[in-house]
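Q: One structure coming up, written as structure tokens, with questions to follow.
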Amino acid sequence: DTSILPICKDSLGWMFNKLDMNYDLLLDPSEISAIYLDKYEPCVKTLFNSCDSFKDGKLSNNEWCYCFQKPGGLPCQNEMNRIQKLSRGKSLLGKF
């Protein structure tokens with residue numbers, strides 16, 4: 001049934017299918033966290049907040065695809081940029 005396939009093309013659809021470890025056609029936080037390493041950990045929460053339009057704690061394939069194709073940019077990159085801007089004004093302790 002092609003109606004349940006993601007609306008996204010190429011690598012986005014492929015990534016959704018690879019991350020969906022329990023094959024329920026939904027991504028939960030544990031499945032999403034597999035794509036982020038420690039330095040990207042702040043992005044996981046932001047990803048859900050900005051992509052989970054149904055606010056059910058899971059991302060459908062359409063939510064996933066739409067989120068990464070928004071004109072406003074990628075949610076994780078936007079969050080990392082925000083964090084970097086906030087940390088620029090703070091001085092670091094110690095000698096570097």
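The values are calculated or read from the model by the stated rules, or taken from the named source; none is laboratory data. Being a predicted model, the structure only gives us computed values, none of them experimental. So basically every Cβ, Gly included, is an ideal-geometry build from the backbone, and we count neighbours across all protein chains shown. Please note that ligands, DNA and RNA were not included when accessible areas were found on the heavy atoms of the full protein model with its side chains. Shrake-Rupley method; radii C 1.70, N 1.55, O 1.52, S 1.80 Å.
Q: Kindly list, by first and then second residue, each pair from a residue in the range 46-73 that is under 12 Å from C8 (Cβ atoms) to a residue that is open to solvent by 70 Å² or more (accessible area, probe 1.4 Å) and at pLDDT 80 or above, limited to pairs with Cβ atoms under 6 Å and residues at least 6 apart or on different chains.
A: E63/S53
Q: Restricting to the range 1-49, and then to whatever is at pLDDT 80 or above and among the small types (G, A, S), can you tell me which residue is surrounded by the most Cβ atoms within 10 Å (Cβ to Cβ)?
A: Among those residues, the one meeting the criterion is G13.
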